[in-house]
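The values are calculated or read from the model by the stated rules, or taken from the named source; none is laboratory data. The shown structure was predicted, so the numbers you read here are calculated from the model rather than taken from an experiment. Here the Cβ positions follow ideal geometry from the backbone for every residue, glycine too, while neighbour counts run over all protein chains shown. Areas reflect the complete protein model, heavy atoms only, side chains present, ligands, DNA and RNA absent. Shrake-Rupley method; radii C 1.70, N 1.55, O 1.52, S 1.80 Å.
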4 protein chains.
Amino acid sequence: MTTDGEGWIKSLTGDAEIAALFCDQAQLASFARFESALLLGLAKAGRIDKQDAAALIAQIKTFAPATGRIAEAAVSDGVPVPEYVRQLRNHVSGPGAEKLHFGATSQDLVDTATIETLAKTISILSKRLDQLITALEAMTARDGNNALKAITRMQEALNIRASSRLAGWRLPLEALRDRLPAVREQVMVLQFGGAVGDLQTLSDDADTVAKAIASDLGLRWPGHSWQTSRAPLIAAASWMTELSGALGKIGQDAAIMALRGKSDLELSGGGTSSAMPHKQNPVAAERLVAFARFNASQMGAMHQAQLHEMERSGAAMTLEWMILPQICETAGAGLTAAIALMQSINRIGTRS
Amino acid sequence: MTTDGEGWIKSLTGDAEIAALFCDQAQLASFARFESALLLGLAKAGRIDKQDAAALIAQIKTFAPATGRIAEAAVSDGVPVPEYVRQLRNHVSGPGAEKLHFGATSQDLVDTATIETLAKTISILSKRLDQLITALEAMTARDGNNALKAITRMQEALNIRASSRLAGWRLPLEALRDRLPAVREQVMVLQFGGAVGDLQTLSDDADTVAKAIASDLGLRWPGHSWQTSRAPLIAAASWMTELSGALGKIGQDAAIMALRGKSDLELSGGGTSSAMPHKQNPVAAERLVAFARFNASQMGAMHQAQLHEMERSGAAMTLEWMILPQICETAGAGLTAAIALMQSINRIGTRS
Amino acid sequence: MTTDGEGWIKSLTGDAEIAALFCDQAQLASFARFESALLLGLAKAGRIDKQDAAALIAQIKTFAPATGRIAEAAVSDGVPVPEYVRQLRNHVSGPGAEKLHFGATSQDLVDTATIETLAKTISILSKRLDQLITALEAMTARDGNNALKAITRMQEALNIRASSRLAGWRLPLEALRDRLPAVREQVMVLQFGGAVGDLQTLSDDADTVAKAIASDLGLRWPGHSWQTSRAPLIAAASWMTELSGALGKIGQDAAIMALRGKSDLELSGGGTSSAMPHKQNPVAAERLVAFARFNASQMGAMHQAQLHEMERSGAAMTLEWMILPQICETAGAGLTAAIALMQSINRIGTRS
Amino acid sequence: MTTDGEGWIKSLTGDAEIAALFCDQAQLASFARFESALLLGLAKAGRIDKQDAAALIAQIKTFAPATGRIAEAAVSDGVPVPEYVRQLRNHVSGPGAEKLHFGATSQDLVDTATIETLAKTISILSKRLDQLITALEAMTARDGNNALKAITRMQEALNIRASSRLAGWRLPLEALRDRLPAVREQVMVLQFGGAVGDLQTLSDDADTVAKAIASDLGLRWPGHSWQTSRAPLIAAASWMTELSGALGKIGQDAAIMALRGKSDLELSGGGTSSAMPHKQNPVAAERLVAFARFNASQMGAMHQAQLHEMERSGAAMTLEWMILPQICETAGAGLTAAIALMQSINRIGTRS
């Protein structure tokens, strides 16, 4: 779901690096990888000659789809794949060309492209998360012994060390980092089910072909299609939403500390006000709160999208496409904002 | 919140006409109208000479802001206005130039621009809604006497006329249309509060200036700023979400009817399948379901964004900016899809 | 949706007065009113003798349904009505007894009972809202001239009068009060559609019967059933959610003010802490924030429940029943908590 | 959050067995276990004599708290613990009695009680999940070779075996079962942080005491308090919401199959209609859809509740208490309904 041209909202809330992963060009490149891997798999199962497959794959590499026409056709088809495959079929020729897309269906391409995109998104987030944790460790080393008033239920409580509040910020991020391998394991699965999910066109060759595709794409083949069971998408989205939540807590704290003043937090480079130029608004902190609440709401919608009826749900898939890219971008924008926030904090707490 | 370049998702779920209303150019044009109207108001209150105001307004008309720089500055400022006003101040000169933006604050410009955008969105939606109702009336005239099986709790019940189901589609849309004047009345209010919401800089002239701005912009002045009370935004978003819900019900019905077959519904131009070219998928109907569920979730988030703390909440405003444009686009895309769906229905029910 | 026996959570977050409106006894009393009004309507249309109807209505008055058995049967029937009607048929006898429930369906009783309950809930909320507004007016009279620091984007801004912040609390509540007549008008509609929504069993008498029922119950007859178009429920729930949001903003502010200390807010009777007995936690304020976020989420779910498929949706109705009573209770609990909060505020701002 | 006395809604949507785990009596019993374990821990650290601790623990066993008074005090305290501890202190006496609750805080008791409740809930759900999977295996053995039309995008597609659709129901449940050990590991952690989360009152003994409490309660001590980082609650709630989603997909499918008729599904014991006694409504299936959409919305709210500000958030905790018990009950009610649905399915698909 996109709103064209909102430049300033986009720069305030978007993530250009992650957005690029979701652009048509990137998604269609993923489709091409799938179609190539499928040909390899069909060759492995003896459904197409190996040389023929190689020749077709070479042609796929030179395919430049007409993206405008694909976007247009998607409105009536509900997916970009039929028009993509039509164009691709026009592009390739030679023996075995009729085996292109054989046994596959639109959802196989779209879902697998989504998986590849989530894997890349997670890699980007993982690097930024490392950076943020490092920044928090450095801050703890620098300011950890400073004094703060603990605040419980919006009341000053006992004295604590800054290290204590910083641990409350850092530990959840470390826990999220520790869970990443398990999340990747859940997420990085091949979607391959064919027209109705049971790979019936490939009969006994189905497993051979599926394993070959998975191996070529660096994904796991779970032994069956998951076209109506969206656990991989939920796993990625949940992790990202928890990340946004953990960052939102940091943002909420930082905003309250900024309000309490310099004994709590010394910020540089906060936002300026058009009416009160002297203020240093904790803009990055506020953005983190907004991002957390945004992704929390989207996550509810992702769970709504779990109800894929029968063998394939166009409604539920469309809902996922409207939400999932935004969850990714918002998680990414949050990490960038949190790193910026850390860089803008000159000091936390009061030196004793 | 936008994800750049998702061409096919954008064409499937977005609304180019409404998206254009939210683009920087349109929003900054709204800022310019506000600043001009403010000068008129200040002139009316005797705070600036009328000729001087007119001369400045003439200069504002020729102002072409550097949008890239504004988008960039928004990241640290949290709003596009400080940089916009800085550029505008550089652009204008002459007596009274120091009165530019006098008494106003960033939120006044951004909120009022949002109001203007919502008003334009509602006008677009209103026209399309009329079209859709007309299409439903025509379908009722054509097919109303046809026979259908009523379906209650997913079981065939008694026989009904097609007109009965069509009334279930049309009446909620008519009710939404009937409520539009009241919604417009709630929505079309000027935001004007100054630095902290009480217009203190303008003291006794506040009301004079506010009324003049409102009159110039064709908005209502409610007598006070509503910077932390978001009823106008909620009113617009609620109406649009209800609209999406009413369309989603139509889509859900049409999808079930398409599944039940030609005695219920004869569709032309449904979506094609990459694996089963003979199918006619009810893509427009599925999209309506997805749009309804999407906006329902966003509406929950809009209510979350009601908690504007103290005199101005950067967090809550940012959250609104991430959600509101999407609710507008999704409502618009839904009407377009519903009109297309009606056009693709050759017949509802069985002729007796 | 209820969780039995959570005494302390219930006392912290529930509303006993409103909960009582949703209890079986109250709902079944509403069913009885409907069945009686239906007999009156059938008599008016000449479908039953007036004396016979009166005799049956007299018997309905003495009917004490076996609620346990009804709750049990609801699990398989999905609604309490079939078993209720079965018991009622056993209870009444005499000429015309076969006309009991004639032309009506389960949803007519359940929806109309919901409408009656919402009307009573709104009356309760309206009284409490008046009380709260009065308390805010009194506080403004007492403390309005006191000085506060305005806080914008979590930074101290300019000096304001306490009256300014109090206006930010009171004005949205007044606006909600002003909208109540329109909300009541939208909400207080009779549901009457019969088996499949078109009142076909009553043919030409449908309107006569419907108007008589509506008149007897003090409701409006919109001219048609609204069984799959839930605008009346959405209208009530939206108003309550906005109310919770407006109270949540007050709570959020009060909590921040309590944190800032006695120059902002002097509270008495705040919550005690098991570990730090000296604290005065702004518990009522925190509850208001929780209630606002709770109802915001539930409101998203109410919009999800708009998708009633075909002529009757058991799934969507069940979802409504899980959510709507909670929105009502939470709105009510919020008003009670807000009134308590006002009573506990000894002073806002600093006397000059 | 509870609505007292909604008998029939409760029986339709609640889960009495799980509700009982959340009742005051069960929660206060958990508090007692915590206070006893704490005394053991203090004894281990030499902060209290072992005999004295044992004597106090014996007295705790006979403590019968006045629950009404606790529920009442919770309104002003925001938690039930201060009044509970006050009563408990009155109940116990003897040497070391002053060490009761030493080093602990309200949230330690409430959170740990929640953890114990979640562990018990998961055990209940796990057993029912096994039952449901067994039922699906039996159905596959009985009907797996029957023929069905696959339905993709609400259109009939190719022929499939019933085993294929049943696999789409069963595999996600098996995956959820496989993830249970990891979920339990994430969930079953002791909360222990003291007044401000750093266990400062216990200084060097903190770890000794914490480990002893954890060991006594059969929980894991993660090495630090997690009072503002709610990953354990999110892990449990996410798993339950995914479960509800997987069940909702089954319900959605079964409802569509029931509509398509006996070649798809033969149901016995469906719901009766007050107006059309011949129908067999797929009530259990509809409930599953409602439960899935309900929990999806609640899960969004759980993520909203992640923003615990500073060292303790009364607002966020209250929000959790309003939501988490409902997610648990709804997940439980869903499993019960799904098992009932399976029992009511006489046949899936058409025998060849």
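Worth a mention:
- DSSP beta bridges fully contained in the range D:7-348 are about 90 percent antiparallel.
- Solvent-accessible area, 1.4 Å probe, carbon plus sulfur percent, for chain C: 52
- Acute angle (nearest 10 degrees) that the helix A:231-260 long axis makes with the longest principal axis of chain A, alpha-carbon atoms: 20
- Amide H contacts of A:LEU190 (H built 1.01 Å from N, under 5 Å, at least 5 apart or other chain): A:ARG220, A:TRP221
- Only lysine pairs 8 or more places apart, or on different chains, with alpha-carbon atoms under 28 angstrom apart are counted in the range D:5-102, and they number 5.
- Surface analysis of the protein assembly as shown yields an accessible area of 30 Å² per residue, using protein heavy atoms and a 1.4 Å probe.
- Inter-copy label distances at C:GLN131, shortest first and taken from points set 7 Å along Cα to Cβ: 4.5, 5.2, 5.4 nm.
- Cut-off under 5 Å, modelled amide H: who pairs with A:LEU265 long-range: A:GLY349
- Rounded to the nearest 100, the interface formed by chains C and D buries 5800 square angstrom of accessible surface, both chains summed, with a 1.4 Å probe.
- Bridgeable lysines around C:LYS149 (alpha carbons under 19 Å apart, same-chain partners fewer than 8 residues away excluded): A:LYS262, A:LYS279, C:LYS249, C:LYS262.
- Which of A:GLY261, A:PHE294, A:ALA231, positive extreme of dipole for the range A:210-335 (C-beta unit charges): A:GLY261
- For the protein assembly as shown, size of Cβ-based charge dipole, Lys and Arg +1, Asp and Glu -1, in debye: 0
- Inter-copy label distances at C:ASP204 (7 Å, Cα→Cβ; nm, one decimal): 7.3, 7.4, 9.9
- In the range A:199-257, one over the average inverse separation of all distinct C-alpha pairs is 14.7 Å, which is the Kirkwood hydrodynamic radius.
- Our coupling estimate for the range B:13-30, obtained by passing each phi through the Karplus curve with A = 6.51, B = -1.76, C = 1.60 and θ = phi - 60°, is 10, x, 9, 4, 5, 6, 4, 4, 5, 9, 5, 3, 4, 5, 5, 5, 5, 5 Hz, Gly and Pro reported as x.
- Working note: Karplus 6.51/-1.76/1.60 with θ = phi - 60° gives the range B:341-348 the couplings 4, 4, 5, 8, 8, 6, 6, 10 Hz, where Gly and Pro are set to x.
- For the protein assembly as shown, the square roots of the Cα gyration tensor eigenvalues, ordered a ≥ b ≥ c, give a/c below 1.5, which places it in the rounded category.
- Only helices enter the 222 nm calculation for chain A: every DSSP H run of n ≥ 4 contributes -39,500 (n - 2.57), and dividing by all residues gives -22000 deg cm²/dmol, rounded to 500.
- Other-copy label distances relative to D:LEU180, 7 angstrom Cα-Cβ extension, nm: 3.2, 5.2, 5.6
- Ranking C:THR117, C:THR134 from most to least accessible surface, computed with a 1.4 Å probe over the protein chains only, gives C:THR134, C:THR117.
- Net charge dipole, the range A:1-120: roughly 520 debye, given to the nearest 20, about the Cα centre with Cβ charges of +1 for Lys and Arg and -1 for Asp and Glu.
- Solvent-accessible surface (1.4 angstrom probe) belonging to B:SER268, in square angstrom, nearest 10: 50
- Here the 3J(HN,Hα) profile of the range A:50-58, calculated from phi with Karplus coefficients 6.51, -1.76 and 1.60 at θ = phi - 60°, is 4, 4, 4, 4, 4, 5, 5, 4, 4 Hz, Gly and Pro shown as x.
- Alpha-carbon centroids, the range B:194-265 and the range B:38-117: separation in whole Å: 25
- In a simple Cβ point-charge model (Lys, Arg +1; Asp, Glu -1; nothing else charged), the range B:7-348 has a dipole of about 1280 debye relative to its Cα centre.
- Alpha-carbon centroid distance for the pair the range B:316-334 / the range C:305-352, whole angstrom: 24
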